[in-house]
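Everything below concerns the one structure shown next.
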Amino acid sequence: MNFSIAHKTFSVTLSFLVLVSSLSLTIEKHFCGETLVDVAIFSDIEKCADDVVKTDATSVVKKTCCKDEIDVIAGLSEITINSFEDLDSIHQQILFAYSYSYISLFEGLPKLIIPHEAYTPPKLIKDIQVLDETYLI
């Protein structure tokens with residue numbers, strides 16, 4: 001029972017690790033001056049009133065003191081699958097020898113002939129061991 005619980009726990013942990021390693025996040029931060037105003041992970045950030053500046057051809061544009069920072073945590077985007085041909089020749093030979101020796105461990109046994117396979121024992125009416133007083137110790 002402990003083996004099955006440990007096996008299930010290990011399987012769930014590995015699947016969670018694969019999920020987290022392929023997850024990518026974008027964290028947006030909005031600063032007004034040196035003060036952090038808003039942080040957003042899955043939604044849009046709220047901007048302060050100084051960010052909205054209407055410009056006309058004749059008006060002077062006022063530079064704002066607000067800035068946005070975007071931090072991107074990139075996940076695993078491609079999973080590489082190596083083939084047998086990508087290995088060096090020495091590694092190919094070692095892998096081939098190991099797999100051949102491992103498969104050779106499992107040789108089949110010859111089919112055993114059981115001469116009394118169809119024999120049906122007689123029906124016991126009385127317990128013979130008790131009658132003969134022979135007991136296995």
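Laboratory data are not the source of any read-out in this text; all were calculated from the coordinates shown. Keep in mind that this is a model prediction, so the values were computed, not measured. Cβ coordinates were reconstructed from backbone atoms using ideal geometry, including for glycine residues, and neighbour counts include every protein chain displayed.
Annotations for the structure displayed:
- Förster-model FRET efficiency, 25 Å R0, S101 and A6, C-beta, rounded to 0.05: 0.25
- The simple spin-label model puts a point 7 Å past each Cα toward its Cβ; for D88 and L112 those points are separated by 4.8 nm.
- Taking Cα centre as origin and charging only the Cβ of basic (Lys, Arg, +1) and acidic (Asp, Glu, -1) residues, the dipole magnitude of the chain rounds to 340 debye.
- 0 to 90° range, to nearest 10: angle between helix 2-21 axis and the chain longest Cα axis: 30
- Residue order, fewest to most beta carbons within 10 Å, for K126, K8: K126, K8
- Eigen-decomposition of the gyration tensor built on the alpha-carbon atoms of the chain gives equivalent ellipsoid semi-axes of 78, 29, 12 angstrom, largest listed first.
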